[in-house]
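To start, the structure under review is shown below, and the notes come after it.
The values are calculated or read from the model by the stated rules, or taken from the named source; none is laboratory data. Note that this is a predicted model, so its numbers are computed, not measured. Every residue, glycine as well, gets a Cβ built from its backbone with ideal geometry; the counts of neighbours run over all protein chains shown. For accessibility, only protein heavy atoms count, side chains too; no ligands or nucleic acids. Shrake-Rupley method; radii C 1.70, N 1.55, O 1.52, S 1.80 Å.
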Amino acid sequence: MRHKITREVERVDARIKSRGELPYLADYEFEDRLYARVVRSRVARGTITARNTPALPEHYHYITADDIPPEGKNCVRMIQDDWPAFAEHEVRYYGEPLGLLVGPDRDTLAQLVEQFESAVEYREHEAAVTIDEGLALKGGPVHGSDNLFADLHTRKGDPEGALKRSARVIEREFRTAYQEHVYIEPQALVGTRENGMVTIYISTQCPFYVRKAVSTALGLPPDDVAVVQTATGGGFGGKENYPDVVAVPVAIAVAKIDRPIELILDRMEDLKYTSKRHPSRVRYRVGLDETERIIAVDVDMVLEAGAYESSSRVVLQRGMFSSNSVYEFPNVHVRGRAVATNNVPSDAFRGFGAPQGLFAAEMLMTQIARVIGLDELTLKQQHLLKQGSPTLTNGRIYEEVKLPEMLEHVRRVSGYDHKRAAYGLGLGRGIGISLFKHGSAFTGNGEQEIIKARVRIRKRADGRPELLVANVEIGQGVLTTFRKIVAEVLDIPYSEVVYDNHNTSQIPDSGPTCASRSVAIVGYLLQEAAKKLKGRLHEPGEFEVEQVYEHPAHLHWDAESLNGDAYPSYAWGVNCVEVEVDRVTYEVNVVGVWTAYDVGRAIDEGVIRGQIIGGAIQGLGYAGLEKLENARGRFLQHTMADYCIPTSLDYPNVDYALFDNPYPYGPFGAKGAGEVVFDGIAPAFGSAVQQAIGCEIAQLPLTPEYISERVHGTDRTVHTQRKTHTAEPQPVASSP
Amino acid sequence: MRRLLDVLREDCGLTAIKEGCGEGECGACAILIDGRVVDSCILPVGAAQGREIETLESIRETARGRLIVDGLSRGGGVQCGFCTPGIAVTIEALLRENPNPSEYEIRDGISGNLCRCTGYQQIVEGVLYTAAETRERSR
Ligand code: FES
Ligand code: FES
């Protein structure tokens, strides 16, 4: 039986949004507001030899690194301080900010930007823009001596020995490309001074990240900066760190000019210069024993990080920990590298490294199955993780793994078995299934060591509970689900719960809105805090209860060796995609999508359904449609006409089923759900395309051009080696 | 010449109209001119001379407008909400022309509006609801 909290309610923000009455950043009025535009580098890599700063008209300002207060720092603090607010001498990527023009008229600003940018002279250096160029140190290292922001290893068992013992070694390489977030509301903020404090109104997922970055750059104590999250028109990870990059220059300008200053990126700027999903290259060497069981997996994952570190180290970890998908292999070595290039830093995007790792792992399994002449799903089932299994980081799967019944369900509703047999190989039709998981919350001890989330609930004088948390609504439904959690504990209608304060000066830091952690981690804290309030709503006056994150005692993690429980819990998924491939144009038509998820327990079925369908369509875009090419550091697609995201006509309805599996440390048993719904679509699509065209695929996106190449290319052999015993990485036989 | 979008938003205060791209691709700025859906971001204000403009601000107060809001709100057609006003305006135009659209006709009708959050399915279901309710109530 479904818990009653799962029952769908109307989202609290639905009507005000569909009536167009909810203000977003651009809808706010600020008296005496000025506008800003960023002056950017026009080379991907170079030394500035002359700025030739043109004269400014009256009432206009040009803000540069020179305007940073002496106690401040020229950086956008994320994990490191390496990303400067304004480049001073060297530029590392095309579009890197050099300064900020501020003034009263937007058209004038646009003209000034043109003048200012074209006046700058550079000594250009050879840029490294791809993974291979970054690894080859093309043009000399961009970062350190080896171009690596991170070079990590995790190891289980004896992978080298097991590879030597293997009867057969199979090698593969997979590559994935950029993806742009295309939140429909572009990056937007107004910086101003209120009550003497620098105050930032901003479209963001993480108001406390913005506060940290701004206070560091200005050299102020964090409490002397206020950040107010405004209604946010989509994020998907694109408003996790990047808002810091636009907020810091504006804050520097506000500190100097003392007027409200608005910066809203126009769409072309947003597409050209904001962070994207990390491109990846994942190589595998897989050892099988005489019985064709997989006994060793050696993974070499490289992510293209761009010019500065941003969150790449953490994205890389999640990518590495996803590179075995949902399978238990006894001997594993994973090396992960985040390589520097002369591109805008890659950053968070729904899935956060997992989609790259899972695509590679799931495609690998389909290709191994083909090599050894086994059905894909049979091979996968033979190696499936179950409750108690060790993970690749030598942690444990504590929860019951419901994948077998989920798989059973998806096979049945999709008609997979029958279709798979009937469609043959290379005849234009295909159906594929992916299995996957997504760890809820920060990787390793992040929640405990870095975030230390804290929530409060205020019992107001009018008897209503008010939620004081840092997590924000970005479309994922948290305004509704958080209210429901607290209302359910207190046994009151969810509309009674107040949750409208998004000002960092007035709320505790419960951490960022990302990593599938809001409901799983913060929702649980709210549930526990609400328990302390139970029966006390009628007490007179105003008071608060607080709850602070405690890491469940059974979890352990060693950050040095990347060993232990990488995540407290996992959401699990099975996706099935059916396609038809046009045998002349190689266009792929998706004819069916079936999904099943274990997200612990859904706090609201309507909200989860929205995540599932939205995630699936975004995932299909990533898999087959969204092409973003980079030439010498510049993105070639920089309008929405060129960079195509799915429209209402591109994909069919998405079928879904939820499998309850309450998690003891989640609110009412809930785990994270915001990313798992994206992760598995691309490999299911990939498997379906492989069947339809009768050959292996090894990259994303699967564009018609690439598919045509695969079909017509000479390289259709199945790559396998018997008894290769060299310790050196093998040249990969199959590359797209 | 100024864009119609800016005049409506800034001079007339009609902020239900959103700017998502400014290049006529996303539909967030949709309004009706003489009953037809137009992206106000690519129209110079002069082009509206002497023509009837409707925005969500007026549509939402009509009987069908209220049902459009209902349809979008009940079944999850709204997530971040930034695309939603433009979609609501487009639905109004669609239903004026075709009070009983098929699922395909709805998908076709809203295909000029980009939504990055919902995957569209729940919007389509919402329009089916609105269309059915509108017919029911006008009987
Ligand atoms: S803002 Fe006008 S179509 Fe996007
Ligand atoms: S609801 Fe976010 S873009 Fe449509």
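By the compact-protein rule of thumb, 2.2 N^0.38 Å, the alpha-carbon radius of gyration of the stretch B:4-55 corresponds to a ratio of 0.99.
If you take each beta carbon of peptide A:179-190 and count the beta carbons of other chains within 10 angstrom, what is the mean?
The per-residue average across the peptide is 4.
Using a Förster distance of 56 angstrom, determine the FRET efficiency expected from the C-beta separation of A:Glu544 and A:Glu705, and round it to 0.05. Once the sixth-power term is evaluated, E becomes 0.45.
Dipole magnitude for the stretch A:379-504: computed about the Cα centre from +1 point charges on Lys and Arg Cβ and -1 point charges on Asp and Glu Cβ, it is near 380 debye. Ranked from largest, the principal axis spans of the Cα set of chain B equal 44, 32, 23 Å. The shape of chain A can be summarised by an equivalent ellipsoid whose semi-axes, obtained from the alpha carbon gyration tensor, come to 40, 33, 23 Å from longest to shortest. Taking square-rooted eigenvalues a ≥ b ≥ c of the alpha carbon gyration tensor, is the stretch A:440-507 rounded, prolate or oblate, where a/c under 1.5 means rounded and, failing that, a/b exceeding b/c means prolate? Verdict is prolate for the stretch A:440-507.
Using Cα-Cα distances under 8 Å and only pairs 6 or more residues apart, what relative contact order does chain A have, in percent?
On the way: 1840 pairs, mean separation 124.5, N = 736.
This gives 17 percent for chain A.
For the listed peptides A:159-168, A:613-622, a ranking on the average number of other beta carbons within 10 Å per residue, highest first, reads A:613-622, A:159-168.
Note that the stretch A:681-695 has calculated 3J(HN,Hα) couplings of 5, 4, x, 5, 4, x, 5, 5, 5, 4, 5, 5, 9, x, 9 Hz, one per residue in order, obtained from phi through the Karplus relation 6.51 cos²θ - 1.76 cosθ + 1.60 (θ = phi - 60°); glycine and proline are x. What the Cα atoms of the stretch A:597-668 give is an Rg and a Dmax of 17.2, 50 Å.
In the stretch B:105-139, what residues drop by 30 Å² or more of accessible area when the other protein chains are put back, versus the chain on its own? Use 1.4 Å, and skip ligands and nucleic acids. Buried by 30 Å² or more upon assembly, which counts only protein chains, are B:Arg107, B:Ser111, B:Leu114, B:Arg116, B:Cys117, B:Gly119, B:Tyr120, B:Gln121, B:Gln122. Of the beta bridges in the protein assembly as shown, as assigned by DSSP with both residues counted there, near 80 percent are antiparallel. Of the residues making up the stretch B:1-29, those losing 10 Å² or more of accessible area when the isolated chain is joined by the remaining protein chains, with a 1.4 Å probe, are B:Arg9, B:Glu10, B:Thr15, B:Ala16, B:Lys18, B:Glu19, B:Gly20, B:Cys21, B:Glu23, B:Glu25, B:Cys26. Our note on the geometry: Cα centres of the stretch A:517-549 and the stretch A:113-172, 46 Å apart.
Compared with the alpha-carbon gap, the fully stretched path from A:Asn52 to A:Asp107 is longer by 17.6 nm at 0.36 nm per residue. Using the 1.4 Å probe convention, the accessible area of the protein assembly as shown works out to 34 Å² per residue with neighbouring protein chains retained. For the stretch A:385-433, which trypsin sites (Lys or Arg not before Pro) pass both filters: DSSP loop (anything but H, G, I, E, B) and at most 16 other C-beta atoms within 10 Å? Loop-located and lightly packed - A:Lys386.
Just so you know, the Cα atoms of the stretch B:58-137 work out to an Rg and Dmax of 11.0, 32 Å.
Between A:Met268 and A:Glu290, how high is the FRET efficiency from 1/(1 + (r/R0)^6) when r is the Cβ-Cβ distance and R₀ = 60 Å? Nearest 0.05.
Calculated value: 0.55.
Quick one: pull the percent of accessible area on the stretch A:446-548 belonging to carbon and sulfur, 1.4 Å probe, ligands and nucleic acids left out. Roughly 46 percent of what the probe reaches on the stretch A:446-548 is carbon or sulfur.
Counting only protein heavy atoms and rolling a 1.4 Å probe, how much accessible area do A and B lose on contact, total for both sides, in Å² to 100? Intermediate values should be presented prior to the final figure.
On the way: alone 26330 and 7360 Å², together 29810 Å².
In total, this chain pair buries about 3900 Å².
Using the Cβ-Cβ distance between A:Arg123 and A:Ala461 with R0 set to 45 Å, the FRET efficiency from 1/(1 + (r/R0)^6) comes to roughly 0.10. Excluding residues fewer than 8 places away in the same chain, name every one of the lysines whose C-alpha is closer than 16 Å to that of A:Lys156. By straight Cα distance, A:Lys156 reaches A:Lys164. Compared with the dominant Cα axis of chain B, that is its longest principal axis, helix B:121-137 is turned about 80°. When the other protein chains are added to the chain by itself, burial of at least 50 square angstrom of heavy-atom accessible area (probe 1.4 Å, ligands and nucleic acids ignored) affects these residues of the stretch A:611-653: A:Ile613, A:Met640, A:Ser648, A:Leu649, A:Asn653.
Annotation: aspartates and glutamates with alpha-carbon distance below 17 angstrom to A:Lys402 (same-chain offsets under eight excluded): A:Glu328, A:Asp598, A:Asp660. Pairs over the 24 Å Cα-Cα cut-off, from the set A:Lys17/A:Lys671; A:Lys212/A:Lys437; A:Lys73/A:Lys272; A:Lys73/A:Lys138; A:Lys272/A:Lys627; A:Lys4/A:Lys532: A:Lys17/A:Lys671; A:Lys212/A:Lys437; A:Lys73/A:Lys272; A:Lys73/A:Lys138. State whether the stretch A:497-623 is rounded, prolate or oblate according to the following rule on the C-alpha gyration tensor (a ≥ b ≥ c being the square roots of its eigenvalues): a/c under 1.5 gives rounded; otherwise a/b larger than b/c gives prolate, and the remaining case gives oblate. Taking the square roots of the gyration eigenvalues as a ≥ b ≥ c, the stretch A:497-623 is prolate.
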